[in-house]
1. Where both partners of a DSSP beta bridge lie in the stretch 85-215, what percent of those bridges are antiparallel, to the nearest 5?
2. Hey, any idea what Rg/Rh is for the stretch 243-291, computing Rh the Kirkwood way over Cα pairs?
3. Tell me the Kirkwood radius of the stretch 84-147: reciprocal of the mean inverse pair distance over distinct alpha-carbon atoms, in Å.
4. Report, in listed order, any pair from K72/K154; K93/K155; K154/K179; K54/K179 with a Cα-Cα distance greater than 32 Å.
5. So what is the relative contact order of the chain, in percent, for Cα pairs below 8 Å that sit 6 or more residues apart?
6. Would you mind checking which residues have amide H under 5 Å from I27's amide H? H placed 1.01 Å from N; only 5 or more apart, or other chain.
7. Compute, for the chain, the length of the dipole vector about the Cα centre, with Cβ point charges of +1 (Lys, Arg) and -1 (Asp, Glu) only. Units Debye, rounded to 20.
8. Could you tell me whether the stretch 64-107 comes out rounded, prolate or oblate from its Cα gyration tensor? Rule is a ≥ b ≥ c as square roots of the eigenvalues, rounded for a/c under 1.5, then prolate if a/b exceeds b/c, otherwise oblate.
Amino acid sequence: MSTDKQSAPAHRQASEGGSSPRPLDGITVISLEHAIAAPFCTRQLADLGARVIKVERPGAGDFARGYDERVKGLASHFVWTNRSKESLALDLKHPDAARILGSLLEQADVLVQNLAPGAAARLGLSFDALHKLHPRLIVCDISGYGEGGPYQDKKAYDLLIQSESGFLSVTGGPESPAKAGCSISDIAAGMYAYSSILSALLLRERTGLGSRLDVSMLESMVEWMGFPMYYAFDGAPPPPRAGAAHATIYPYGPFPVGDGTEVMLGLQNEREWAAFCKTVLGQPELANDSRFSSNTLRVANKEALRVLIVTAFASLSHEQVIERLEQASIANAGVNTMSDVWAHPQLAQRQRWREVDSAAGPLPALIPPATSSAFQARMDRIPALGENSSAILAELGYTAEQIEAYARQGII
């Protein structure tokens with residue numbers, strides 16, 4: 001167990017530094033979490049002011065801590081999903097751990113877990129077992145496939161769910177599928193868990209009782225696959241894999257420009273198509289060309305249309321193409337790298353970056369996207385493994401001698 005580096009728990013420091021109350025001030029979340037889905041969920045709760053106590057395995061912790069060392073020696077996934085939390089190192093298999101966890105749950109509002117299938121129930125942490133002891137406790141179980149069904153005991157990781165949900169079948173290029181460049185299945189499940197916990201807290205205000213939330217990564221992703229699934233309804237062909245272009249709208253995607261760069265653009269209707277032909281391509285007659293007079297026809301004849309667009313752009317610079325697109329009110333965007341996004345002028349002008357503390361020193365972090373006029377999101381320290389163990393046990397009434405003994409035995 002590492003020594004405490006904060007003189008008071010993170011939730012206390014946040015309340016002292018904040019000028020306005022946050023929506024989840026006073027809410028305590030206990031999370032048995034690892035990787036991304038549950039940590040992403042609970043970080044959103046912490047953003048809104050909840051106290052999140054992250055329970056980790058002594059000596060190892062959340063295995064996402066070891067994914068890489070890209071952020072001043074810290075793991076990129078962990079930095080992203082774990083600010084504003086307290087880390088309690090606790091060996092859940094030790095008999096004394098049950099008493100510690102039980103004491104925490106007596107004061108908690110929410111338990112979140114994404115342990116291996118069945119692990120939480122084996123620890124006595126099923127909703128049925130806990131509801132009898134803590135009737136107001138909300139229990140959120142995040143798993144790959146949900147409870148019940150032939151897949152309930154299968155392990156599930158982000159890429160596996162991308163595959164199982166059909167996401168890979170519509171993503172990539174014509175020759176081969178491609179995964180998303182971020183943990184999209186984890187993010188989907190984490191966001192449904194987050195919003196469901198907020199709804200459960202509202203419901204508890206009316207009923208006085210906690211409830212169980214069963215969040216499936218597969219079902220979260222299948223919900224997000226609604227468009228391609230309905231497009232392929234009743235045996236119809238699915239959307240083709242179209243790389244960075246839109247599969248069913250054209251022109252909508254990246255196009256090369258004469259100076260060697262690319263421009264991303266998208267059209268949504270026939271008015272925009274006419275403006276694109278006239279102002280951007282300088283060929284107003286194309287708007288009525290029988291090959292391109294509707295989106296369905298433009299998709300069917302997109303190879304011929306692409307040649308016309310690329311030819312028109314070949315003599316123009318990036319700035320000239322953007323200027324014409326803006327003049328025609330055609331939506332467009334840069335084809336940015338990660339470095340471009342770190343330095344994005346819109347984010348800079350809107351002052352969307354803050355610094356958060358960590359064991360590696362101050363780190364930049366994006367302010368949560370949903371800005372409220374009523375409060376500032378909480379953006380506190382990213383905890384080292386076991387950083388808050390002593391302080392948390394002291395709050396529960398354990399003496400310094402007991403805490404030191406637990407540390408020597410590897411219980412914390």
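Every number in this text was worked out from the coordinates using simple rules, so none of it is lab data. Owing to the predicted nature of the structure, the values given are computational and were not obtained by experimental measurement. Here the Cβ is made from the backbone with ideal geometry for all residues, glycine too, and neighbour counts use every protein chain on show.
1. If I count the DSSP bridges inside the stretch 85-215, around 10 percent turn out antiparallel.
2. 0.99
3. Kirkwood hydrodynamic radius for the stretch 84-147: 12.6 Å.
4. K72/K154
5. 22 percent
6. R51
7. 260 debye
8. Cα axes put the stretch 64-107 in the prolate bin.
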